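Please read the structure below before turning to the comments.
What follows draws every value from the coordinates through simple rules; no lab data is involved. Computed from a predicted structure; not experimentally measured. Positions of Cβ are backbone-derived with ideal geometry, glycine not excepted, and every protein chain shown enters the neighbour counts.
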Amino acid sequence: MARKKIIAGNWKMNMTPSQAVALVNTLKPLVVNEDVDVVFCVPAIDIIPAMEAAKGTNIQIGAENMYFEEKGAYTGEISPAMLTDVGVKYVIIGHSERREYFAETDATVNKKVLKAFEHGITPIICCGETLTQREQGITIDFVRQQIKIAFLGVTAQQAATAVIAYEPIWAIGTGKVATTEQAEEVCKAIRDCICEIYDEATAETIRIQYGGSVSVSSAPELFAQPDIDGGLVGGASLKPDFGAIVNYNK
Ligand code: 13P
């Protein structure tokens, strides 16, 4: 069975709640494509207003982060139950910006992934190498290690429902998109790694996105690759461009 594409916007730290409502209203007629699952991952404070604005559309609202404990003295954090209570079904875990600025590690990513599954939230698990790692020729080894740790303790049944976002750090926000060949090579290596950890069926079911300067012009070729099941889109998800990206195959 063919995998359904999943194209997600990552708003990062952009859009106040009122701007979020306006953006959802602008984008909702543009992001209709029955071949694609469409997710807007938004700042925590925007989740509820964005959900209200997206009601009755094909847009699903996701979160950009979540803590791995149930509740308690963790000032500033958002719990999984807070997300599920308002209907959140997707959460980005381990984005490179969270690893860089907020000290997330492969180990905390794994804890968050396990917690998300425990609550029935689909994690969008981010991985990707730095420019130095690419130049050293260790991209695939590095990404395989990130994946192996992220999936420790995850069952095959859970893994099959996960989303992995391969985002080379050097391509994020730089306008420097990976070539189609580079993106496909790593996404295929990730799928092979999932096959090694689990089995063929899990590897064939899991969805793997590419992220990093995805644009209207680069999306069609990237998303046509056999191992690229959509994208995680930063800057272009805040603009009407996102409509054209979601409709990459039309
Ligand atoms: P850009 O699309 O702005 O490069 O961001 C990619 C990204 O980090 C999505 O998570």
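Which of the chymotrypsin sites (Phe, Trp or Tyr not before Pro) found in the range 1-109 are in a DSSP loop and have at most 13 neighbouring Cβ atoms, other than their own, within 10 Å? Don't jump to the answer; show the numbers that get you there.
Working: sites: W11, F40, Y67, F68, Y74, Y90, Y101, F102; in loops: W11, Y67, F68, Y74, F102.
In loop regions of the range 1-109 (DSSP not H, G, I, E or B), the sparsely surrounded chymotrypsin sites (Phe, Trp or Tyr not before Pro) are Y74, F102.
Give the order of T57, T75 when sorted by the count of other beta carbons within 10 angstrom, beginning with the fewest.
Sorted ascending by nearby Cβ count, the order is T75, T57.
Compute the normalised compactness of the range 58-214: alpha-carbon radius of gyration over 2.2 N^0.38 Å, N being the residue count.
Its radius of gyration relative to the 2.2 N^0.38 Å reference: 1.02.
Quick one: P(r) of the range 121-172 from all Cα-Cα pairs, 5 Å bins, percents rounded to integers, in order of increasing distance.
With 5 Å bins starting at 0, P(r) equals 4, 20, 27, 21, 13, 10, 4, 0.
Can you sort I61, I125, I147 so the residue with the fewest Cβ neighbours within 10 Å comes first?
I147, I61, I125
Taking the dipole about the Cα centre of the chain, with the C-beta of Lys and Arg at +1 and of Asp and Glu at -1, give me whichever of N65, F151, G230 is farthest to the positive side.
The residue sitting farthest along the positive end of the dipole is N65.
Rank the residues S215, S96, S237 as a footprinting-exposure proxy: fewest other Cβ atoms within 10 Å of their Cβ go first. Walk me through the numbers on the way to the answer.
On the way: S215 16, S96 20, S237 27.
In increasing order of surrounding Cβ atoms, one gets S215, S96, S237.
Please work out how much length the chain gains when fully extended from I45 to T84, using 0.36 nm per residue of separation minus the C-alpha to C-alpha distance, in nm with one decimal. Spell out each step's value before the answer.
Values: separation 39, 0.36 × 39 = 14.04 nm, distance 1.45 nm.
Separation in residues times 0.36 nm, less the Cα-Cα distance, equals 12.6 nm.
Using a cut-off of 29 Å between alpha-carbon atoms, which lysines can reach K250, once sequence neighbours fewer than 8 places away in the same chain are excluded?
Cα-Cα hits under 29 Å: K4, K5, K12, K28, K55, K89, K176, K188, K239.
Using a simple charge model, +1 on the beta-carbon of Lys and Arg, -1 on the beta-carbon of Asp and Glu, nothing else, what dipole does the chain show about its Cα centre, in debye to the nearest 20?
500
Within 10 Å of each candidate Cβ there may be at most 13 other Cβ atoms; applying that plus a DSSP loop requirement, which trypsin sites (Lys or Arg not before Pro) in the range 64-121 survive?
On the way: sites: K71, K89, R98, R99, K111, K112, K115; in loops: K71, K89.
Of the trypsin sites (Lys or Arg not before Pro), the ones in loops of the range 64-121 whose Cβ has at most 13 other Cβ atoms within 10 Å are K71.
Tally Lys/Arg at +1 and Asp/Glu at -1 over every other residue whose Cβ is under 13 Å from the Cβ of P17; what's the total?
Neighbourhood net charge equals -2.
Using Cα centres only, tell me the gap between the range 111-132 and the range 74-95 in whole Å.
Each part reduced to its Cα centre gives a spacing of 12 Å.
Would you mind computing, in nm to one decimal, how far apart the modelled labels at E221 and L30 are, each placed 7 Å from Cα along Cα→Cβ?
Going from the E221 label point to the L30 one covers 2.3 nm.
Summing -39500 (n - 2.57) over the DSSP H runs of n ≥ 4 in the chain and dividing by its residue number, what mean residue ellipticity at 222 nm do you reach, to the nearest 500 deg cm²/dmol?
Working: 12 runs with 100 residues, N = 250.
Computed mean residue ellipticity for the chain: -11000 deg cm²/dmol.
Would you compute the Debye intensity of the range 7-125 from its alpha-carbon atoms alone, equal scatterers and no solvent, and pass along log10 I(q)/I(0) at q = 0.12 Å⁻¹ to two decimals?
-0.42
Beyond 20 Å, how much of the Cα-Cα pair distribution for the range 131-247 remains, as a whole percent?
More than 20 Å apart: 41 percent of the Cα pairs in the range 131-247.
Using the alpha carbons of the range 81-163, what is the convex hull volume per residue in cubic angstrom, as a whole number?
Taking only Cα atoms, the range 81-163 has a hull volume of 92 Å³ per residue.
Tell me, which longest segment in the chain has none of the GluC sites (Glu not before Pro) that fall in DSSP loops with at most 14 further Cβ atoms within 10 Å?
Result, exposed sites excluded: 71-250.
Normalised radius of gyration for the range 101-143, please: alpha carbon Rg relative to 2.2 N^0.38 Å, two decimal places.
That works out to 1.43 for the range 101-143.
Please report the equivalent ellipsoid semi-axes of the range 204-250, computed as sqrt(5 x eigenvalue) of the Cα gyration tensor, largest first, in whole Å.
Here the semi-axes work out to 18, 11, 9 Å.
For the pair E77 and E100, what calculated FRET efficiency results from E = 1/(1 + (r/R0)^6), where r is the Cβ-Cβ distance and R0 = 25 Å, to the nearest 0.05?
Details: r = 18 Å, r/R0 = 0.74.
Efficiency for this residue pair is about 0.85.
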